[in-house]
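Right, one structure below, let's go through it.
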Amino acid sequence: MIRLLPLLVMLSLVGSAGAGETNLVAQGWAAYRLGEFDRATRFFESAGPTDAAAVYGLATTWAWRRPKEDRGRAEQLYHEVIRLAPASEWAAWSWLGLARLQHVVPVGQEPNYPKVRAAYQAVIDRFPRHPASTEAFLQQQATLVAALNPNEARTALAAMEKFLAEQPQSPYVSAVYSLQAECFQTLGEPAAQLAASLRAWETTEVDPENPRSDAAGTYWKLATLAEFEAGDFATARKFYGKLIAEYPKDQRKFPAKQALARMAELESRLRAEGAPR
Amino acid sequence: MIKWLRNSAALLVVAGAYVWAVIVIGSHRVKESPPGMITLRIGHWQLESGVRDAFNELAAEYQKLHPNVRVVQDAIPESTYGQWVTTQLMGGTAPDLMQVGLGLPGPVWLGYFKRYFVPLSSVANQPNPYNAGTELEGVPLRQTYRDGLRAAYVPEIQEYMSLSLAQFGVRLMYNRDLLQKLTGRAEAPTELREFLAVCAQIKAHGLAPIAASKYHFWMWQGKVFDVLTYPALRQGDFNRDGSMGNDEVYAAFQAGLLSMQYPPYRASFQLMREITDHFQTGYTGLTRDEAVFLFAQQRAVFLATGTWDFRSLETQAKGVFEVGITDFPRPAATDPVYGEFVEGPAYEAAQFVGFPFGVTRTSRHPDVAVDFLLFLASQKQNERLNRIIGWIPAINGAAMDPALAKFEPQLEGVYGAMPLQLGGETSIKWMQLMSLYQINQISYDELARQYEPFYKERGLLDFQEARRDWRRALANNEQFLAGIRAAALLADAARTPGAWLKYRTLTLQWQLLPEIAQARQLRLVEEGPAGGAVAPYEYTAAVVEKIRHEVNR
């Protein structure tokens, strides 16, 4: 019996290996979320160098831990995940991880945007319609929008129109409309900016557990955009009204009431002045 | 044997004393906490007698429902609270419930929340069982709070980490007897000109009209001086979020839309001068206690105070003089100097909720600790707790002490729009000049002459540093989002939608759109607002013509 004991122990270990590795990965992420990166690294390393999920955890830890980050090592490990399981979920997120390393650069450096966009394109090409790919697409378009240049804005608008036509049910449509609104702002097209902002609001996802994700700020932005940029007083009134009614404790309630009075006053003055000849 | 006894006598006495002590302490402990009894420890920094009395009374009430639970308080002075928290948490000896937020920098508390406290999100989203039989029965806990429990939510963790038990307010307290004796008035005036006349009358009797200190100054600044700057919002809120960021003020200065000579800014400082002239001499060098002492000794008539101090001040005055509470004085709309800048009353955020407690991970009875916290946060018991202490309840529908009615926040009004410091050198310069202005060593014109060119020139460097901070924050956000993403990837099917929703919304809010906002901000600072000098809340000619066409159609 004593002779059989090591064998029984080995068999039990083999039997539980998969569960154990998963557990180690979960423990690694739990430590990561607590900011205990050394411990996270140990858990991920213990899961073994061939476990793609663990290697992905290790790569992400080296990429974003502060202090002692090692971007080179992170990059190497992301490539290792891609080599180990090229078609896996972890590979998709690793491709995005590589792109994010190019985009979120250390303080004092500026991202090389053509390279950043190419890195996002690599995710889009390899994993079409995967959440990592959609995120890559949005980040890619955001780099174009952030250039605040009409040409880039038009390029981004065309790409996003295509996205909306192909994936109208994507949970990211609100983000796409938000980016479109930014493009229209750059292009100086307030009516289209307001329309895109309204679509972003209509399709927005709300995290019900987050008390800070209220709509007061959105209502205010829509109302002021309608009032001052688009000259659409009906829409402005609607959203000032919603802010007052739904968020009576918000600091913008008083300015919203002022805005309603201001619009009425302008209309009254212009009515009195009559139509332009 | 005798020799041995003689030699060991001292040792035997010590041993005997030790055995006696063990028996006495042990029997005392057993008596206090018999087998099966759960002892909850609650640590806080509120040394006011009212708080301890309130906890004792509520603990006794709780024990009626749960006879096996007793509550023991650890009341720690504010000055050592941070060190105490650190040693208790790291040593694994922390109380079950701990008041959070004082004595340590924010990032340290954030780290402690992650490592040492139990997330309370599941509790926040469930009804409070102790609200049964009230109109809050069945309502999720967070919706029973006056602030929607916003103060307890830690965005960096995406969890509720504490439950607050009180709300706070700031008002002006006055010595009613002294006011009547010196001015013939029983009530303090709230209109500025009347108030200043009353102060002049008091001063003529050789007393300080207003007791103040560097601690009290911010109350006056926030409630009286800053609100005059509200019109600046229309000049500089470029991102149209309804509040003025320091970067926006800087951009507005660079674009020539704002300056130190902007009339509401000048007016704010003129009002500051007019009122602080009635503070006691040297107030900027005094501490909170020194101002309170002056008031308690009846050498001043007015004192700005928060609800947290109100009850103890009232107790000190009991039998000596009658205390009154009033709103801060403000200029009327007809005021010849300030009237044109007065657009409304001062807004007071309903979110000024505090007295927060978290449950520590080392608690041996976290479920009981949470239950006791829910008991304290129930409508009925929160009302009772705050009535004893003299604070405002944090829970909807919990009635406040009528004496505190004047502390009820003003939820509709104007707010300040003059954040002139960009951090770094500009902040240091501003503080230096403000100190000189406060003690009347320089005029406003001199302050403006010294500060504005420095602010415009040096501000760019501070602004760029702020951008570097934003880049650092971007990496921290990435770190955090990777953790959320992993949670979503590893979550079971039932939890996955919620986890992914959180991930998507945070990615959009923290990473995707801020990059564009930062780009617009930079362009604003470097090139000024688009379209020349049109302020963000000004109509363009095109909009006016469009509306003209519509109304005359």
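Here, each number is a calculation from the coordinates, and none is a lab measurement. Model, not experiment: these values are computed from the prediction. Note that we place each Cβ from the backbone using ideal geometry, even for glycine, and neighbour counts take in every protein chain shown.
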(message) So for each of B:215-221, A:166-172, B:248-254 I average, over its residues, the number of other beta carbons within 10 Å; can you give me the resulting order with the highest mean first?
(response) B:248-254, B:215-221, A:166-172
(request) Can you tell me the relative contact order of the range B:170-341? Whole percent, Cα pairs under 8 Å, sequence separation 6 or more. (result) 44 percent
(request) Rank the residues B:Ile76, B:Ile23 as a footprinting-exposure proxy: fewest other Cβ atoms within 10 Å of their Cβ go first. (result) B:Ile23, B:Ile76
(request) Taking chain A as the reference, fit the longest principal axis to its C-alpha atoms, fit the long axis of helix A:71-84 to the helix C-alpha atoms, and give the angle between the two in degrees, 0 to 90, nearest 10. (result) 70 degrees
(request) Indicate the gyration tensor shape class of the range B:391-537 (rounded, prolate or oblate), computed on the Cα atoms with a ≥ b ≥ c the square roots of the eigenvalues: a/c under 1.5 is rounded; otherwise a/b larger than b/c is prolate and the rest oblate. (result) oblate
(request) Please say if the range A:122-277 is rounded, prolate or oblate, where rounded means a/c under 1.5 for a ≥ b ≥ c the square roots of the C-alpha gyration tensor eigenvalues, and otherwise the choice is prolate for a/b larger than b/c and oblate otherwise? (result) oblate
(request) May I ask you to sort B:Trp470, B:Trp84, A:Trp220, B:Trp391 by Cβ crowding, counting other Cβ atoms within 10 Å and putting the fewest first? (result) B:Trp470, B:Trp84, A:Trp220, B:Trp391
(request) For the range B:110-149, report the translational diffusion coefficient in µm²/s to the nearest whole number, using Stokes-Einstein at 10 °C, 1.306 mPa s, and a Kirkwood Rh over Cα pairs. (result) 142 µm²/s
(request) Please work out whether the range B:170-341 counts as rounded, prolate or oblate from its C-alpha gyration tensor, where a ≥ b ≥ c are the square roots of the eigenvalues and a/c under 1.5 means rounded, while otherwise a/b larger than b/c means prolate and anything else oblate? (result) prolate
(message) If each DSSP helix of 4+ residues adds -39,500 (n - 2.57) and the sum is divided by the residues in chain B, what number results at 222 nm, nearest 500 deg cm²/dmol?
(response) -16000 deg cm²/dmol
(message) Given Cα positions, please report Rg to Rh for chain A, the hydrodynamic radius being the Kirkwood one.
(response) 1.15
(request) May I ask which residue of B:Trp308, A:Tyr78, A:Ala272 lies farthest towards the positive end of the charge dipole of the protein assembly as shown, with charges of +1 (Lys, Arg) and -1 (Asp, Glu) on Cβ and the Cα centre as origin? (result) A:Tyr78
(message) Between helix B:78-91 and chain B, what is the angle of the helix's C-alpha long axis to the longest principal axis, kept within 0 to 90° and rounded to the nearest 10?
(response) 60 degrees
(request) For chain B, build the charge dipole from Cβ charges (+1 Lys, Arg; -1 Asp, Glu) around the Cα centre, then report which of B:Val368, B:Val292, B:Pro536 sits farthest towards its positive end. (result) B:Val368
(request) Give me B:Ser268, A:Ser174, B:Ser427, B:Ser79 ranked fewest to most by other Cβ atoms within 10 Å of their Cβ, as a rough exposure proxy. (result) B:Ser79, B:Ser427, A:Ser174, B:Ser268
(request) Before anything else, pin down the relative contact order of the range B:24-145: Cα pairs under 8 Å, at least 6 apart, normalised by residue count, whole percent. (result) 22 percent
(request) Would you mind calculating the relative contact order of chain B from Cα pairs under 8 angstrom and at least 6 residues apart, reporting the percent as a whole number? (result) 20 percent
(request) Could you tell me what fraction of 2.2 N^0.38 Å the Cα radius of gyration of the protein assembly as shown comes to, as a two-decimal ratio? (result) 1.11
(request) Tell me what chain A gives for mean residue ellipticity at 222 nm when only DSSP H runs of n ≥ 4 count, each as -39,500 (n - 2.57), the sum divided by the residue total, rounded to 500 deg cm²/dmol. (result) -23000 deg cm²/dmol
